[in-house]
Amino acid sequence: QVQLVESGGGLVQAGDSLRLSCAASGRTFSSRAMGWFRQAPGKEREFVAFITRSGVSTYYADSVKGRFTISRDNAKNAVYLQMISLKPEDTAVYYCAVAAKLAWTTSRDDYDYWGQGTQVTVSS
């Protein structure tokens, strides 16, 4: 069993930056790949970023590539999402999730633990 708690969301202006954190419980954190997803009002939850167990490899949705950076600290059981040059279309609830597979996946069905989410609102 893994529990995830996101933090760091807030209300910012377009062009600002935010850093989201996800604290994970459980001794198996370092053996699991992790991902970030987001869900805007009235829309499906969508993939944002993925990081492998070691943190060596990362993958991003095209919409955030070059602006968002996913990282992890296995010693702290934490994963992060650094967001720069935020846009109003980035407004959403952001979720971290534990991947059930080791390989990169954008499918929500391939993640078996989810946090409660943190709200990010970007004003124009």
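The values are calculated or read from the model by the stated rules, or taken from the named source; none is laboratory data. What you see is a predicted model, and the numbers here were worked out from it, not measured in a lab. So basically every Cβ, Gly included, is an ideal-geometry build from the backbone, and we count neighbours across all protein chains shown. Ligands, DNA and RNA are excluded from the accessible area calculation, which covers all protein heavy atoms including side chains. Shrake-Rupley method; radii C 1.70, N 1.55, O 1.52, S 1.80 Å.
Using a probe of 1.4 angstrom, how much of the accessible area of segment 1-81 is carbon and sulfur, in percent?
Percent of accessible area from carbon and sulfur atoms in segment 1-81: 45.
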- By how many nm would the segment from Lys101 to Val56 lengthen if fully extended, with 0.36 nm per residue of separation less the alpha-carbon distance? 14.6 nm
- Task: At 1.4 Å probe size, with every protein chain present, just tell me what the per residue accessible area of segment 17-71 comes to in Å².
- Result: 50
- Message: List the GluC sites (Glu not before Pro) within segment 1-60 that DSSP assigns to loop and that have no more than 11 neighbouring Cβ atoms inside 10 Å.
- Response: Glu44
- With a cut-off of at most 12 other beta carbons within 10 Å, and DSSP calling the residue loop, which trypsin sites (Lys or Arg not before Pro) in segment 65-124 qualify? Please list them. Lys65, Lys76, Lys101
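Short version: what are the Cα gyration tensor semi-axes of the chain, square root of 5 times each eigenvalue, largest first, in whole Å?
After scaling each eigenvalue by five and taking roots: 22, 14, 14 Å.
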- Task: Take the Cβ-Cβ distance between Glu89 and Gln1 as r, set R0 to 30 Å, and report the resulting FRET efficiency rounded to the nearest 0.05.
- Result: 0.30
- What is the local net charge at Asp109, summed over the other residues whose Cβ is closer than 12 Å to its Cβ (Lys, Arg +1; Asp, Glu -1)? +1
- Query: Based on DSSP, what percent of beta bridges with both residues in the chain are antiparallel, to the nearest 5?
  - Reply: 90
- Task: Please check which bits of segment 106-124 a label hung off Glu44 would reach, taking the label as a point 7 Å along Cα-to-C-beta and the cut-off as backbone N under 14 Å.
- Result: 106-110
- Cβ-placed point charges (K, R +1; D, E -1), dipole of the chain about Cα centre in debye, nearest 20: 300
- Summed residue charge, Cβ within 14 Å of Ser31's Cβ, Lys/Arg positive, Asp/Glu negative: +4
- Task: Let me know the charge dipole size of segment 9-74 about its Cα centre in debye, to the nearest 20, where only the beta-carbon of Lys, Arg (+1) and Asp, Glu (-1) is charged.
- Result: 200
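Under 15 Å from the Cβ of Pro41, count the other residues' Cβ atoms, weight Lys and Arg +1, Asp and Glu -1, and hand me the total.
Charge balance in the 15 Å sphere: -1.
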- Excluding residues on the same chain fewer than 8 positions from Lys76, give the lysines whose Cα lies under 25 Å from its Cα. Lys101
- Note on the structure: Note: Ser30 to Lys65 extended length (0.36 nm per residue) minus current alpha-carbon separation gives 10.2 nm
